[in-house]
Amino acid sequence: SHIPVITIDGPTASGKGTVAARVADRLGYHLLDSGALYRLTALSAMRAGVALDDEQGVAQLAQVLPASFSNGDIFLAGEEVGALIRAEEVGNNASKIAAFPSVRQALYALQLGFRKAPGLVADGRDMGTVIFPNARLKVFLTASVEARAERRYKQLIGKGFSANMDDLLADLQARDDRDTHRTVAPLVPAEGAYILDTSDMSVDEAVEQVLHWHTLL
Ligand code: C5P
């Protein structure tokens, strides 16, 4: 397809979701938050009482996932669940079911469908490597595990949740480990990806850098 795609992949809490949304907004492009699809699938399984290690059961739910997105809101079967799927438990479960090839396969076509004119910004783990290998611009957005834990901590406290720095660090490391070492679609920079380490960067600076790379292409 000739419709331009910008992929932004990276680890948990790297800020890629925020950067992707801002870049999409600036360019008037559509946005694909692919992590939300894995989170919605995990939430569906939790609600349906399907065990998280039941690959076929979870894949069947993913195949008919009643997900929809509108103006930053995220719906599962018509119910707005944007805040609910951000819970750490849902994120951890998402990372477990994301390791199943048949679950990833079930969400493949759904993700391709987000590529619509005038363009798409897609954020996740395998946007540049698997889903949109012919993207115009590929970014691998990362930050040290300490910087990411600190951001997550501030986010949670800001939302009125309690949080513990040591637990957050351990959770992030465990999730990084699962995402990086799984056999299907592991988290690695795509060939030709620009690496952006945002440990000492503001969101504004990261957004400007991505937009700058975009104008060079
Ligand atoms: O990005 P987010 O934290 O919302 O993603 C939740 C989980 O979904 C990740 O930990 C990862 O395991 C999985 N995921 C994935 N591939 C993607 C996006 C997310 O495996 N493209």
Exercise. For the stretch 46-54, state whether one or more residues are in contact (Cβ under 8 Å) with a residue 40 or more places away in the chain, under 17 Å from the mean Cα position of the chain (by Cα) and within 24 Å of Pro11 (Cβ to Cβ).
Key: no
Practice problem: Report yes if some residue within the stretch 78-95 is more than 22 Å from Tyr153 (Cα to Cα) and either within 12 Å of the ligand (Cβ to nearest atom) or part of a strand (DSSP E or B) (or both); otherwise report no. | Solution: yes
Practice problem: Using the structure shown, decide if Leu65 is touching a helix residue (DSSP H, G or I) at 6+ places or on another chain (Cβ under 7 Å), part of a loop (DSSP other than H, G, I, E, B), away from the ligand (no atom under 11 Å from the Cβ) and in contact (Cβ under 8 Å) with a residue 40 or more places away in the chain. | Solution: yes
Quiz item: Considering the stretch 1-30 alone, what residues qualify as being part of a strand (DSSP E or B) and surrounded by 19 or more Cβ atoms within 10 Å (Cβ to Cβ)?
Solution: Val5, Ile6, Thr7, Ile8, Asp9
Quiz prompt | Checking Gln56 against (1) outside any loop (DSSP other than H, G, I, E, B); (2) more than 15 Å from the ligand (Cβ to nearest atom); (3) open to solvent by 10 Å² or more (accessible area, probe 1.4 Å); (4) closer than 30 Å to Val210 by Cβ, the condition it does not meet | solution = (4)
Self-check item: Qualifying positions in the stretch 39-50 - in a helix (DSSP H, G or I), over 24 Å from Glu150 (Cβ atoms) and open to solvent by less than 40 Å² (accessible area, probe 1.4 Å)
Solution: Leu40, Thr41, Ala42, Leu43, Ser44, Ala45
Practice problem: Could you run through the stretch 71-86 and say how many residues are closer than 18 Å to Ala48 by Cα and either open to solvent by 70 Å² or more (accessible area, probe 1.4 Å) or modelled with pLDDT under 95 (or both)? | Solution: 4
Quiz prompt | Only listed residue being touching a residue at least 60 places away in the same chain (Cβ under 8 Å) and surrounded by fewer than 12 Cβ atoms within 10 Å (Cβ to Cβ), chosen from Leu137, Leu217, Leu187 | solution = Leu217
Quiz prompt | Top-ranked residue of the stretch 100-124 - restricted to ones that are open to solvent by 30 Å² or more (accessible area, probe 1.4 Å) and part of a loop (DSSP other than H, G, I, E, B), ranked as nearest to the ligand (Cβ to nearest atom) | solution = Phe100
Exercise. Only one of these is loosely packed, with under 13 Cβ neighbours inside 10 Å and not in a loop (DSSP other than H, G, I, E, B): Asp179, Asp171, Asp204. Name it.
Key: Asp204
Quiz prompt | Checklist (1) closer than 14 Å to Leu120 by Cα; (2) more than 9 Å from the ligand (Cβ to nearest atom) applied to Gly49, failing item | solution = (1)
Quiz item: Does the stretch 29-40 include one or more residues that are over 30 Å from Gln209 (Cα atoms) and either at pLDDT 95 or above or among the hydrophobic types (A, V, I, L, M, F, W, C) (or both)?
Solution: yes
Quiz item: Among all residue pairs at least 6 apart or on different chains, which show Cβ distances below 8 Å where the first residue, located in the stretch 146-168, is closer than 13 Å to Ala87 by Cβ and of a type outside the set (Gly, Ala, Ser) and the second is modelled with pLDDT under 95 and open to solvent by 90 Å² or more (accessible area, probe 1.4 Å)?
Solution: Leu156/Ser162
Quiz item: So Ala163 clears everything in (1) small (Gly, Ala, Ser); (2) touching a Phe, Trp or Tyr at 6+ places or on another chain (Cβ under 7 Å); (3) on the phi > 0 side of the Ramachandran plot except one condition, right? Which one?
Solution: (3)
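The values are calculated or read from the model by the stated rules, or taken from the named source; none is laboratory data. On a predicted model such as this, the values are computed, not experimentally measured, just so you know. For neighbour counting, all protein chains shown are included, and Cβ atoms are generated from backbone atoms with ideal geometry for every residue, glycine included. The accessibility values were calculated without ligands, DNA or RNA, using every heavy atom of the protein model including side chains. Shrake-Rupley method; radii C 1.70, N 1.55, O 1.52, S 1.80 Å.
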